[in-house]
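Here's the structure, in structure tokens; my notes come after.
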Amino acid sequence: MMKIEFYKHNLEQSDIENVCKTLRSIFLTTGPVTAEFEKRFCEYTGLGHTVALNSCTAALHLALLALGIGPGDEVITTPMTFIATATAIMHTGAVPVFVDVEPATGLLDVRRLEQAITPRTKAVLPVHLYGNMVDMRALNAVAERHGLKIVEDCAHCIEAERDGIRPGQLSAAACYSFYATKNLTCGEGGALCTNDPALAERVNILKLHGMSKDAAARYSGKYKHWDMVLEGWKYNLSDILSALMVDQISRLDGYLEKRAAIWERYNQAFIGRPGLTVPSIHGKSARHLYTLWVAPDQRDAILHGLQDEGIGVAVNYRAIHTLTFFRERFDFRPEDFPIAHDIGNRTISLPLYPALSDSESERVVAAVLKVLGTKA
Ligand SMILES: Cc1ncc(COP(=O)(O)O)c(C=O)c1O
């Protein structure tokens, strides 16, 4: 039995050739290919500035730093996310404060936001989980009332739109991931997008040691001295990795259509089945992860059953306040955020990628129904 992988990338021969071209060029580090990638990513997102970085974690960290967030501050976020959302807050010296999530979507519940705001709250960090956008209009209204900055975790969410709003339109910065399993990938990478030129300029300096000029600027034309103007980090993206993505951007919408067709097939098979919940989506989702929520006492048995059927699976995510580090550091109990805790005990992610064939998605459906003990 051939295994159906949880994820397969969509790199094409032309992407590989772009990398080879870069390898034969003078620039391997951040240079003209990265600049071209940033330009094209701005065109796709509709946002004014893109700073390519080596991860979404770096983008979140620098967005918060550039907004002046640090020790003594609190940043509100969700416990139903990848750990990096919260650790990026901690990298600045600030404290992550969780609010529970909506039971139907797993997204940060904006109705609970106000209760979590204290005089130390400086920002809100919503996560567009699975590619489904948080209610940014409602979140922005609360943030404006309390003078809070918004930084969006768009690791799952390049292509989405909700109520006429796309990522980055109502926030200081949108932070993207190009990690190996993401909708747009170079293995390891990220970007910060913003409509604020001053913020983009600051992040450009922070991403490379706090230097006033990057290598491309130093080595073009007559030698120019650089200065160190801020304490910075080493978070830049190389031209080798950018080369893998320059042409991928134009294929994003086609890939989304293919994932949407698989999504519909899964929905038809699963919505309304006893023992299963399919999370709701609002507006246009980026359809990054297709998740099923099953009975918590059966989740691990179902996961293992699917693996036995040759289906690649993942868990996105167990609620992060229940993980040892956060429990010990902040004294969290699982019941502090009961909805996130419950979803974290129920969730299973299924294979979802453009290269997944019809017969493979049928096999996934059949395996889920078999493992659940239900007939198709
Ligand atoms: C929701 C979320 N936030 C942040 C990250 C961190 O992204 P990166 O690995 O690019 O730092 C991820 C990565 O999986 C993620 O899924």
Selection status of Thr81, in a helix (DSSP H, G or I), of a type in the set (S, T, N, Q), out of contact with any Ser or Thr (no Cβ under 6 Å at 6 or more places or on another chain) and within 16 Å of the ligand (Cβ to nearest atom): no
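Tell me which residues, restricted to region 98-107, are aliphatic (A, V, I, L, M), farther than 11 Å from Phe337 by Cα and under 19 Å from the mean Cα position of the chain (by Cα).
Applying the first criterion (aliphatic (A, V, I, L, M)) to region 98-107 yields 99, 101, 104, 107.
Next, from what is left, pick out any that are farther than 11 Å from Phe337 by Cα: 104, 107.
Within region 98-107, Leu107 is the sole residue that qualifies.
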The listed residue being among the small types (Gly, Ala, Ser), in a helix (DSSP H, G or I) and crowded, with 23+ Cβ neighbours inside 10 Å, out of Ala58, Ala123: Ala58
Sole exception among (1) touching a Phe, Trp or Tyr at 6+ places or on another chain (Cβ under 7 Å); (2) buried (at least 22 other Cβ atoms within 10 Å of the Cβ); (3) outside the structural domain of Ile165 (by TED's automatic domain parsing) for Trp263, by number: (2)
Failed item, numbered, when Ala88 is tested on (1) hydrophobic (A, V, I, L, M, F, W, C); (2) outside any helix (DSSP H, G or I); (3) closer than 18 Å to Ala172 by Cβ; (4) within 11 Å of the ligand (Cβ to nearest atom): (2)
Sole residue being in contact (Cβ under 8 Å) with a residue 24 or more places away in the chain, away from the ligand (no atom under 16 Å from the Cβ) and under 30 Å from Glu335 (Cβ atoms), chosen from Ile69, Ile76: Ile69
Lone unmet requirement of (1) touching a residue at least 60 places away in the same chain (Cβ under 8 Å); (2) aliphatic (A, V, I, L, M); (3) in contact with a Leu (Cβ under 7 Å, 6 or more places away or on another chain) for Val127: (1)
Scan of region 298-315 for residues that are in a helix (DSSP H, G or I) and under 16 Å from Glu5 (Cβ atoms), ordered by number: Leu303, Leu306, Gln307, Asp308
Given (1) in the same structural domain as Gly190 (by TED's automatic domain parsing); (2) surrounded by 15 or more Cβ atoms within 10 Å (Cβ to Cβ); (3) under 22 Å from Leu252 (Cβ atoms), index of the condition Ala116 fails: (3)
Scan of region 269-292 for residues that are over 15 Å from Leu369 (Cα atoms) and either hydrophobic (A, V, I, L, M, F, W, C) or in a loop (DSSP other than H, G, I, E, B) (or both), ordered by number: Pro279, Ser280, Ile281, His282, Gly283, Ser285, Ala286, Arg287, His288, Leu289
Hits in region 307-324 (condition: more than 16 Å from the ligand (Cβ to nearest atom) and closer than 16 Å to Pro96 by Cβ): Thr322, Thr324
Matching entry among Ser220, Ser242, Ser285, Ser280 (being surrounded by fewer than 14 Cβ atoms within 10 Å (Cβ to Cβ) and at pLDDT 95 or above): Ser280
Test result for Thr50, at pLDDT 95 or above, touching a Leu at 6+ places or on another chain (Cβ under 7 Å), crowded, with 24+ Cβ neighbours inside 10 Å and not hydrophobic (A, V, I, L, M, F, W, C): no
Positions within region 77-100 being buried (at least 24 other Cβ atoms within 10 Å of the Cβ) and in contact with a strand residue (DSSP E or B) (Cβ under 6 Å, 6 or more places away or on another chain), in sequence order: Thr77, Thr78, Pro79, Met80, Thr81, Thr85, Ala86, Ile89
Residue in region 337-356 that is more than 24 Å from the chain's Cα centre (by Cα) and either assigned by TED's automatic domain parsing to the domain that holds His128 or on the phi < 0 side of the Ramachandran plot (or both) present: no
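For (1) under 19 Å from the mean Cα position of the chain (by Cα); (2) outside the structural domain of Ala35 (by TED's automatic domain parsing); (3) of a type in the set (Gly, Ala, Ser), each residue gets a yes or a no:
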| site | (1), (2), (3) |
| --- | --- |
| Ile165 | yes, no, no |
| Ser177 | yes, no, yes |
| Ala191 | yes, no, yes |
| Asp214 | no, no, no |
| Tyr223 | no, no, no |
| Trp233 | no, no, no |
| Leu256 | yes, yes, no |
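Please pick out the residue among Leu184, Leu208 that is in contact with a helix residue (DSSP H, G or I) (Cβ under 7 Å, 6 or more places away or on another chain) and more than 10 Å from the ligand (Cβ to nearest atom). Before the answer, list the steps.
Values: Leu208 fails: in contact with a helix residue (DSSP H, G or I) (Cβ under 7 Å, 6 or more places away or on another chain).
Leu184 is the lone residue from the list that is in contact with a helix residue (DSSP H, G or I) (Cβ under 7 Å, 6 or more places away or on another chain) and more than 10 Å from the ligand (Cβ to nearest atom).
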Contacts under 6 angstrom Cβ, first residue in region 165-192 being on the phi > 0 side of the Ramachandran plot, partner among the small types (Gly, Ala, Ser) and near the ligand (Cβ under 10 Å from one of its atoms), 6 or more apart: Gly187/Ala180
Gly93 vs. criteria in contact with a Pro (Cβ under 6 Å, 6 or more places away or on another chain), outside the structural domain of Leu323 (by TED's automatic domain parsing), modelled with pLDDT of 95 or more and closer than 24 Å to Asp196 by Cβ: yes
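The values are calculated or read from the model by the stated rules, or taken from the named source; none is laboratory data. The model shown is predicted, which means the values in this text are computed figures rather than measured ones. Heads up, the Cβs are rebuilt from the backbone with ideal geometry, glycines too, and the neighbour counts pull from every protein chain shown.
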